[in-house]
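Comments concern the structure below.
Rule-based calculations on the coordinates, nothing more; no lab input. Every value quoted in this text rests on a predicted model; they were computed, and no experiment measured them. So basically every Cβ, Gly included, is an ideal-geometry build from the backbone, and we count neighbours across all protein chains shown.
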Amino acid sequence: MPVDVSRPIGVFDSGVGGLTVLRALHDELPHERFIYLGDTARLPYGTKSADTVVRYALQAADALVGRGIKALVVACNTASAAALPSMRDRYRDLPLIGVVEPGVEAAVTATRSGRIAVIGTEATVRGGAYQRAISRRRPDAIVTAVACQLFVALAEEGWTSGAVARTTAQRYLAPMFAPGVGSMSAAVADTLVLGCTHFPMLYAVIREVVGDAVTIVDSAATTARAARALLSERGLLRLDENQAQMSFLVTDGGARFAAIGARFLGCDIDLRAVELIDL
């Protein structure tokens with residue numbers, strides 16, 4: 001039985017960071033309907049154990065599947081790294097897209113030297129999903145992964161430029177990109193993967209620190225392109241002229257989500273479109 005292509009695409013993250021992915025999806029798929037779920041009561045996922053992340057992610061996926069989605073985008077690096085295999089086992093016929101694989105594919109294609117840096121949350125870096133995926137595609141790659149947990153707080157506070165953001169970026173990134181600085185300087189990377197959906201909010205200050213010669217891979221944009229390709233392959237693209245529609249589910253703090261999320265999404269979020277749910 002064919003799937004109704006007018007059904008929405010589910011997008012899931014632990015909080016507001018995945019709105020950078022939703023923004024990219026909206027740009028790439030301007031006629032689709034989207035339901036975004038932010039598990040704001042239990043964020044951050046980046047400091048949780050892998051078992052806990054899997055449990056939370058499956059609960060969120062269940063909620064979105066219950067809303068009749070035609071595909072699911074896991075717009076959270078931590079959940080993509082820890083929970084995507086379990087999600088695929090549970091929903092064998094549902095198109096599923098995480099943010100790790102598209103970002104890795106872009107990084108491996110972009111690197112000239114094979115030296116790739118990955119920045120993410122503690123859980124993403126500790127779990128090693130990016131490192132393993134890069135090594136599968138390019139066994140000779142030298143991968144340096146660093147947890148940049150303070151970037152999450154800076155993005156949510158809106159401190160994405162200025163002295164605090166710049167100093168934090170230099171502290172995290174200089175050892176990977178400035179020759180002679182820090183213990184990692186022997187393997188200066190030519191490609192940087194933003195392995196957290198909050199991090200595109202700090203793109204300008206990250207670019208300032210790493211320099212123009214470094215290729216920065218934004219997993220939001222690469223995920224949106226991968227989503228379009230998968231939906232096209234499955235015959236699930238909505239091709240009419242209706243404008244994209246977005247609704248939002250949160251597990252806590254709808255007003256805060258709308259206020260902070262507007263910066264990530266790049267437009268106002270009507271609080272009336274934000275529904276509070278329990279997982």
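Relative protection proxy for 71-84, 249-262, 16-29, from highest mean packing down: 71-84, 16-29, 249-262 (other beta-carbon atoms within 10 angstrom). Over all directions, the projected convex hull of the C-alpha atoms in the chain averages 14.3 nm² in area. Compared with the dominant Cα axis of the chain, that is its longest principal axis, helix 19-28 is turned about 70°. Axis angle, to the nearest 10 degrees, between helix 50-65 and the longest C-alpha principal axis of the chain: 30 degrees.
To the nearest ten degrees, helix 77-90 and the longest principal axis of the Cα atoms of the chain are 40 degrees apart. So what is the relative contact order for the chain, in percent, with contacts set as C-alpha pairs under 8 Å and at least six apart? That works out to 27 percent. Here Ser14, Ser86 are placed in order of increasing Cβ neighbour count within 10 Å, fewest first, which gives Ser86, Ser14. A simple packing score, the average count of other Cβ atoms within 10 Å per residue, orders the peptides 64-70, 117-123 as 117-123, 64-70, with the highest score first. Paramagnetic label reach from His31 (point 7 Å along Cα→Cβ; backbone nitrogen cut-off under 11 Å): within the range 237-254, residues 237-244.
For the range 101-219, the relative contact order works out to 33 percent when only alpha carbon pairs closer than 8 Å and six or more residues apart are counted. Considering only Ile277, Ser6, Gly128, the residue lying farthest towards the positive end of the dipole of the chain is Gly128, judged by Cα position with unit charges set on Cβ. For the range 88-127, the square roots of the Cα gyration tensor eigenvalues, ordered a ≥ b ≥ c, give a/c of at least 1.5 with a/b no greater than b/c, which places it in the oblate category.
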